[in-house]
Amino acid sequence: MQSRQVLTDGAGFRAAMSMPGVLVTFGLVLFALALVVVLAFRINDGALFVGPLSLSNMITIFSDGLYAKVMLRSLWISGLVTLATVITAYPVAWYLAFRAGKRRGLVLFLVTLPFWTSYLLRVFAWKVVLAYNGVLNSAMIALGIWDTPSTAFLNNPTAVVVTLAHAYAPFAILPIFVALQTIPPSLLEAASDLGASRAQSFRRIILPLSMPGVLGGALVVFVPTIGDYVTPAMLGGPSSTMIGNLIQAQFGKANDWPFGAALAVATMLVILIAVALVRQADRRWGSRT
Amino acid sequence: MNPKTLLLTSFTAGALLTGPALAEDKLNYFTWSGYELPVFHEAYTAAHPDALEVSVFGDDDDAFTKVKSGFRPDLAHPCYDKIARWNAEGLLQPIDTARIPNWDHIFPVFRNLPDIQAGDGKVWMVPWDWGNTSVLYRTDMVAPDADMSWNMLWDPQYAGRLATIDAVHDTPLVAAVLAGVNPFDMSESDLEKVADKLREQRPLLTTYTTDMTSVEQSLASGELVAAMTWNASAVALKAQDVPVEFMDPKEGMLTWTCGFVMLKDTPNTDLAYDFINSRLEASSGKHLIEDYGYGTSTDSAFAAVPAETLDELKLPADPQKMLETTIFTGPMKQNDALAKMFERIKAGG
């Protein structure tokens with residue numbers, strides 16, 4: 001009797017604690033998601049949720065080559081962003097975990113410093129750097145490396161990749177840093193006792209054990225950048241229109257909400273596939289045991 | 001904290017957070033960015049200090065979808081070609097011209113626009129501003145024998161040095177003119193011709209944008225050779241001594257007019273009428289002409305500006321004269337189809 005009392009108390013406490021989470025998940029996330037899914041199967045007849053359902057939006061998305069093309073472009077751009085972010089983040093995380101010592105607090109502070117300004121300001125800052133009369137062109141002309149400013153840095157996918165890789169760097173640095181930090185030092189000591197070179201112990205111990213951090217960081221960068229629309233709109237020019245821009249246009253100028261919702265649902269499916277692939281990769285290469 | 005204080009505190013916090021939305025004694029005005037300046041409604045501010053909230057948009061198609069999805073200003077400022085569309089959604093209420101003392105100063109050409117008539121001395125829109133859309137180009141960077149035509153924005157020799165306006169009533173309208181079809185009523189095959197013209201232009205452009213400040217900066221730095229802009233950009237760059245000219249294309253500039261519409265169910269009709277009337281004062285219009293180079297709908301404002309200034313700005317004191325040589329941006333019957341097609345082409349379709 002006594003123990004049962006404790007059990008029900010515990011259950012009540014647990015239920016109370018999970019209430020906010022449940023409310024947020026059901027009220028804000030799942031309900032909103034359900035609205036988007038329903039809207040995706042409506043036609044653009046003025047009424048939003050009342051009326052017949054139809055597959056026509058989905059048929060358009062899968063039969064019209066444009067959407068596959070823009071989706072592939074988005075995957076390609078955010079794939080490049082992920083690659084650039086992880087490659088540049090790894091050395092920083094490695095330094096933080098093994099070499100920073102007393103300066104770790106300072107370096108971590110510097111890593112998170114860009115978050116002190118709004119994302120939009122960081123996009124504009126890159127515009128200032130990459131523009132025709134911007135910092136990069138002016139410096140190159142001053143150094144005599146070229147004599148007329150180049151328009152090659154802005155209004156193309158490269159500008160989008162550079163800006164996003166910079167903006168998302170902390171999202172990759174932190175998980176890799178955590179993964180590196182939890183590697184037991186005894187393993188590295190054992191490796192050097194057994195005569196492994198530093199390159200060998202990196203390849204055989206550090207890299208495999210940090211893979212969960214790398215994959216986690218990659219996912220955290222890859223998923224939100226696929227749907228990004230501000231950066232391509234501001235810096236990308238016509239050649240880097242991404243799926244987020246198309247979705248935004250349907251809810252704005254093109255004035256076809258159901259089709260925008262259908263594009264959003266299709267994008268979620270693609271992201272789901274990407275996440276499933278990463279989980280598969282994690283099972284194969286990421287596991288620690 | 002007892003339950004009563006808790007309730008009270010949360011109410012206060014809620015009221016603070018949602019304050020502006022609840023304020024019923026302030027006029028909420030939704031306008032093009034740059035058109036919210038206090039110099040345009042000094043009489044209103046004098047009569048009702050601190051009774052105005054402003055939100056801005058960069059394109060009136062975006063403004064339309066925002067209002068359609070539930071944003072409720074009291075007054076909005078779309079352009080004439082969109083009025084039928086706003087009306088079809090039942091968003092507007094008729095404006096009684098008898099309550100606007102300055103109504104009679106509006107040029108007849110604007111007063112008599114067909115789509116604004118609501119019958120019985122009432123209108124759907126009170127015209128306020130008008131202006132032109134054309135090619136703004138660097139005189140020192142285009143070929144000396146350059147043809148004064150909209151085709152400059154399609155000229156491959158300026159590839160990567162051109163920009164255009166991201167709005168259905170601008171770029172696709174011009175594409176239709178160049179493709180030789182009637183922009184205001186198109187058949188399926190006409191739409192396809194316009195699409196081809198737009199596809200031809202896309203690889204040459206650095207950007208489709210409504211951010212005129214960026215376009216002006218790029219023209220000033222020499223990154224852009226030519227761009228589609230409105231009068232105000234020409235005025236701004238000339239004031240900075242950038243060698244630019246606002247083209248008078250042989251196909252004709254685009255002339256547009258915009259004005260005030262009153263949203264249905266606004267609780268602030270009295271403030272709205274005062275606001276509209278103050279914007280039609282001669283002194284307001286004078287600022288619009290002299291600072292931005294746009295025309296106003298009122299003859300009194302034109303009378304207040306010296307003739308030399310008007311000459312310099314190429315603004316005839318009688319807009320009727322302007323309209324004889326330009327293309328008036330009226331409602332486009334296929335606006336929705338054109339908008340969808342334009343979005344496709346921008347994305348590379």
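The values are calculated or read from the model by the stated rules, or taken from the named source; none is laboratory data. Everything numeric in this text was worked out from a predicted model, so none of it was measured. We place every Cβ from the backbone using ideal geometry, glycine too, and count neighbours over all the protein chains shown.
For the range A:246-256, the condition of being more than 27 Å from residue A:126 (Cα to Cα) and more than 14 Å from every other protein chain (Cβ to nearest Cβ) holds for none of the residues. Does the range B:103-124 contain at least one residue that is buried (at least 19 other Cβ atoms within 10 Å of the Cβ), outside the structural domain of residue B:283 (by TED's automatic domain parsing) and more than 20 Å from the chain's Cα centre (by Cα)? No, every residue in the range B:103-124 fails to be buried (at least 19 other Cβ atoms within 10 Å of the Cβ), outside the structural domain of residue B:283 (by TED's automatic domain parsing) and more than 20 Å from the chain's Cα centre (by Cα).
Here is a check on your reading of the model: is residue A:288 surrounded by fewer than 17 Cβ atoms within 10 Å (Cβ to Cβ), at pLDDT below 90 and outside any helix (DSSP H, G or I)? Before you say what the answer is, go through the steps one by one.
Values: surrounded by fewer than 17 Cβ atoms within 10 Å (Cβ to Cβ): yes; at pLDDT below 90: yes; outside any helix (DSSP H, G or I): yes.
Yes, satisfied.
Among the residues of the range B:61-76, write down those that are of a type outside the set (Lys, Arg), assigned to a helix (DSSP H, G or I) and under 15 Å from residue B:262 (Cα atoms).
B:63, B:64, B:67
Just one residue in the set A:111, A:160 is within 18 Å of residue A:241 (Cα to Cα) and either within 27 Å of the chain's Cα centre (by Cα) or surrounded by fewer than 17 Cβ atoms within 10 Å (Cβ to Cβ) (or both); that residue is A:160.
The residue list B:163, B:167 contains one member that is in contact with a strand residue (DSSP E or B) (Cβ under 6 Å, 6 or more places away or on another chain), of a type in the set (A, V, I, L, M, F, W, C), within 14 Å of chain A (Cβ to nearest Cβ) and not in a helix (DSSP H, G or I), which is B:163. Of the listed requirements (1) in contact with a Gly (Cβ under 8 Å, 6 or more places away or on another chain); (2) at pLDDT 95 or above, residue B:76 misses just one: (1). Please verify whether residue B:337 is within 14 Å of chain A (Cβ to nearest Cβ), at negative phi, surrounded by fewer than 20 Cβ atoms within 10 Å (Cβ to Cβ) and of a type in the set (A, V, I, L, M, F, W, C), treating the condition exactly as stated. It is true that residue B:337 is within 14 Å of chain A (Cβ to nearest Cβ), at negative phi, surrounded by fewer than 20 Cβ atoms within 10 Å (Cβ to Cβ) and of a type in the set (A, V, I, L, M, F, W, C).
Annotation: residue A:240 fulfils all but one of (1) away from chain B (no Cβ under 11 Å); (2) crowded, with 20+ Cβ neighbours inside 10 Å; (3) hydroxyl-bearing (Ser, Thr, Tyr); the unmet one is (1). If you go through the range B:171-215 and keep only what is small (Gly, Ala, Ser) and either within 18 Å of residue B:328 (Cα to Cα) or in the same structural domain as residue B:56 (by TED's automatic domain parsing) (or both), you end up with B:175, B:176, B:179, B:180. Which of the following residues is within 11 Å of chain A (Cβ to nearest Cβ), under 24 Å from the mean Cα position of the chain (by Cα) and crowded, with 23+ Cβ neighbours inside 10 Å: B:136, B:205? Unique residue meeting the criteria: B:205.
State which residue is nearest to residue B:139 (Cα to Cα) when the search covers only the range B:248-298 and only residues that are among the acidic types (Asp, Glu) and either under 20 Å from the mean Cα position of the chain (by Cα) or assigned to a loop (DSSP other than H, G, I, E, B) (or both). Result: B:248.
Go through the residues of the range B:6-28 one by one and say whether even a single one is surrounded by 14 or more Cβ atoms within 10 Å (Cβ to Cβ), part of a strand (DSSP E or B), away from chain A (no Cβ under 14 Å) and at pLDDT 90 or above.
Checked against the condition, which is being surrounded by 14 or more Cβ atoms within 10 Å (Cβ to Cβ), part of a strand (DSSP E or B), away from chain A (no Cβ under 14 Å) and at pLDDT 90 or above, the range B:6-28 yields at least one hit.
For the residues A:168, A:132, the requirement of being buried (at least 19 other Cβ atoms within 10 Å of the Cβ), farther than 26 Å from residue A:220 by Cα and in contact (Cβ under 8 Å) with a residue 12 or more places away in the chain singles out A:132. In this structure, is residue A:81 among the hydrophobic types (A, V, I, L, M, F, W, C), surrounded by 15 or more Cβ atoms within 10 Å (Cβ to Cβ) and either farther than 30 Å from residue A:182 by Cα or within 14 Å of chain B (Cβ to nearest Cβ) (or both)? Against the criterion (among the hydrophobic types (A, V, I, L, M, F, W, C), surrounded by 15 or more Cβ atoms within 10 Å (Cβ to Cβ) and either farther than 30 Å from residue A:182 by Cα or within 14 Å of chain B (Cβ to nearest Cβ) (or both)), residue A:81 does not qualify.
Do we find that residue B:317 is within 14 Å of chain A (Cβ to nearest Cβ), farther than 20 Å from residue B:80 by Cα and touching a helix residue (DSSP H, G or I) at 6+ places or on another chain (Cβ under 6 Å) in this structure? So residue B:317 fails the test. The criterion of at least 3 residues that are of a type in the set (Val, Ile, Thr) is met by the following helices (runs of 4 or more DSSP H) wholly inside the range A:38-148: A:56-63, A:65-94, A:104-112, A:119-130. Can residue A:92 be described as touching a residue at least 12 places away in the same chain (Cβ under 8 Å) and either among the charged types (D, E, K, R) or closer than 30 Å to residue A:201 by Cα (or both)? It is true that residue A:92 is touching a residue at least 12 places away in the same chain (Cβ under 8 Å) and either among the charged types (D, E, K, R) or closer than 30 Å to residue A:201 by Cα (or both). Filtered by the rule that a residue be over 30 Å from residue B:346 (Cα atoms) and within 11 Å of another protein chain (Cβ to nearest Cβ), the range A:125-177 gives a lone residue, A:138.
One residue stands out among those in the range B:77-93 that are in a helix (DSSP H, G or I) and under 19 Å from the mean Cα position of the chain (by Cα): the one that is farthest from the other protein chains (Cβ to nearest Cβ), which is B:80.
Residue-level check: of (1) free of Cβ contacts under 8 Å to residues at least 40 places away in the same chain; (2) away from every other protein chain (no Cβ under 14 Å); (3) aliphatic (A, V, I, L, M), residue A:68 misses just (2).
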